[in-house]
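Visitor: Sending over a structure as structure tokens; questions will come in a sec.
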Amino acid sequence: MSAIDGEAGEHPSEGGSFADAEARSARLEQALQREPAAHRVLTGDRPTGPLHLGHYFGTLQNRVRLQGLGVRLFVVVADYQTITDRDSPASLPEDVDALLADYLAVGIDPERATIFAHSQIEGLNQLFLPFLSLVSVAEIGRNPTVKDELSAAGLPAMSGLMFTYPVHQAADILFCKGTAVPVGKDQLPHLEIARLIARRFNRRYSPERPYFPEPDALLSNAPVLLGTDGQKMSKSRNNSIPLGATPDETAKLIARAKTDADRRITYDPVNRPEVSNLVLLAALCSNRSPESIAAEIGDGGSGALKRLLTEAVNEHFREIRRRRAELLQDRGYLRRVLLAGNARAREVASQTLADVRRLMHTTYG
Ligand code: TRP
């Protein structure tokens, strides 16, 4: 019998639904507060361009908060994931540096957190092979996020790596026995695959004592920020305000943001998504409620709203941008941070791989 046959011991009520994931996330949040040292948080990004305000309010702030709780934090620079849908660009080293500068500028502390590039961690990549044996093609094929990304990339065919990257992502999470993965809703299908792999590995190779913890998503309650065109803010849609934009660039990006014909500014996300998104962003940047921002602008119209927003963004990010620019002046330092993180991640991965080999009976000599 293969590990992917039969679901004995897998409870259909566990997993799948969004409500379950939300409930588990809430419990996880409490557990993290109670016993931070018992957890390992793993999350990361593809180095496909600088991070933007959506990342900042959606996940970066949360990472820094978790780091402050004393949780062990791993941050993966997912460079292999950039070749799922494009050729490895010559700009990759700069893109990685920009990502590192973003991380450090917002307060991820390389002394406490392990920031690493997964292409450099041999043990992590070795896990990909046994993990592939634990899921079926049909299970991967049902993943709606993979389908969405493929259609967003507009490619005629799906590469094998694109198809299987959620399994590779499971290796990112499980190599360090990650227990908590702060992600947005779109990543939940991937997390289900990681959970499935952990469960099946344990059942098949370590039934007495589960080896991998089943990782849970830590869902952010930050509101989803829209881009300047009213769609989800995203690097690939060209509608984002990068963390590192200059004040002038910020003003230009905000000036071209979509609004509507109603002069009076209100906060009404359902009926006025574009205007409300600008109000929300101004609120997040100035620690105020969206309602009070909307009331202040009132009949001032979208021009006044955009002026206030530009000020608020530039003010809120001034210090972060200053640090970011300074960090980018010293690429040698950024590389040292990455090399040190890689070394630490490699140690963790070697230990996990040694255990996995022992459990799988592929240790010789
Ligand atoms: N797929 C994630 C993204 O596109 C990045 C990522 C790679 C990741 N490996 C991960 C996120 C592991 C969480 C856990 O943003």
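The values are calculated or read from the model by the stated rules, or taken from the named source; none is laboratory data. All of these numbers come straight from a predicted model, not from anything done at the bench. Using ideal geometry, Cβ is built from the backbone for each residue, glycine included, and neighbour counts are taken over all protein chains shown. Heavy atoms of the whole protein, side chains included, go into the accessibility calculation; ligands, DNA and RNA do not. Shrake-Rupley method; radii C 1.70, N 1.55, O 1.52, S 1.80 Å.
Visitor: Using only protein heavy atoms and a 1.4 Å probe, report how much of THR259 is accessible, in Å² to the nearest 10.
Guide: 40
Visitor: What nm distance separates the two modelled labels at ALA153 and ASP87, each placed 7 Å from Cα along Cα→Cβ?
Guide: Distance between the two pseudo-spin positions: 1.5 nm.
Visitor: Percentage of Cα-Cα pair distances in the stretch 130-173 greater than 16 Å, rounded to whole percent?
Guide: Details: 332 of 946 pairs.
Everything past 16 Å amounts to 35 percent.
Visitor: Using protein chains only and a probe of 1.4 angstrom, how many square angstrom of TYR211 are accessible, to the nearest 10?
Guide: About 40 Å², ignoring ligands and nucleic acids.
Visitor: To the nearest 10 Å², what's CYS176's accessible area with a 1.4 Å probe?
Guide: Its heavy atoms expose roughly 0 Å² to the probe.
Visitor: Still on this structure: Just the projected area, averaged over all directions, of the convex hull on the alpha carbon atoms of the chain: how many nm²?
Guide: On the way: hull surface 80.6 nm².
Convex hull of Cα atoms, orientation-averaged projection: 20.2 nm².
Visitor: Under the rule of at least 5 residues apart or a separate chain, name every residue whose amide H is placed under 5 Å from the amide H of SER206.
Guide: Residues meeting the amide H criterion: none.
Visitor: Please compute the Kirkwood hydrodynamic radius of the stretch 188-323 from all pairs of different C-alpha atoms, in Å with one decimal. Can you show the working numbers first?
Guide: Numbers: mean 1/r = 0.0578 Å⁻¹.
After inverting the pairwise mean of 1/r, the radius is 17.3 Å.
Visitor: Taking all protein chains together and a probe of 1.4 Å, list PHE18, PHE163 from the most accessible to the least accessible. List each step's numbers first, then the result.
Guide: Working: PHE18 80, PHE163 55 Å².
The residues order as PHE18, PHE163, largest area first.
Visitor: Lysines near LYS235 by alpha-carbon distance under 27 Å, same-chain residues fewer than 8 away left out - which ones?
Guide: The reachable lysines, counting only those whose Cα sits under 27 Å from LYS235, are LYS147, LYS185, LYS252, LYS258, LYS306.
Visitor: What is the mean projected area of the alpha carbon convex hull for the stretch 247-316, to one decimal in square nanometres? Don't skip to the end; give the middle numbers.
Guide: Numbers: hull surface 15.9 nm².
The number I arrive at for the stretch 247-316 is 4.0 nm².
Visitor: How much FRET efficiency would the formula 1/(1 + (r/R0)^6) give for LYS185 and GLU208, where r is the Cβ-Cβ distance and R0 is 51 Å, rounded to 0.05?
Guide: Values: r = 35 Å, r/R0 = 0.69.
Efficiency computed from Cβ-Cβ geometry: 0.90.
Visitor: Suppose accessible area is computed on protein heavy atoms with a 1.4 Å probe; arrange ILE265, ILE83 from highest to lowest.
Guide: Working: ILE265 5, ILE83 65 Å².
Ranking ILE265, ILE83 by accessible area, largest first, yields ILE83, ILE265.
Visitor: Evaluate the distance, in nm, between pseudo-label points positioned 7 Å from the Cα of ARG112 and of ARG322 along their respective Cα→Cβ axes.
Guide: The answer from the label model is 2.2 nm.
Visitor: Just to be sure I understand the rule: take each whole DSSP H helix in the chain, project its Cα atoms onto its long axis, keep it if the span is 15 Å or more and its mean Kyte-Doolittle hydropathy is at least -1.0. Which ones pass?
Guide: On the way: long enough: 18-34 (24 Å, -0.73); 92-106 (21 Å, 0.81); 122-132 (16 Å, 0.75); 160-174 (21 Å, 0.69); 188-205 (25 Å, -0.49); 273-286 (19 Å, 1.39); 301-328 (38 Å, -0.64); 331-359 (41 Å, -0.29).
Both cut-offs are met by 18-34, 92-106, 122-132, 160-174, 188-205, 273-286, 301-328, 331-359.
Visitor: Further question on the same structure: Obtain the nm distance between the two label points defined at ASN287 and GLU249 by a simple spin-label model: each point lies 7 Å from its Cα along the Cα-to-C-beta direction.
Guide: Reported label-point gap for ASN287 and GLU249 is 2.7 nm.
Visitor: Right, another one. Rounded to whole Å and sorted largest first, what semi-axes of the equivalent ellipsoid does the C-alpha gyration tensor of the stretch 32-85 yield via the square root of 5 times each eigenvalue? Spell out each step's value before the answer.
Guide: Details: eigenvalues 121, 39, 8 Å².
That gives 25, 14, 6 Å for the three semi-axes.
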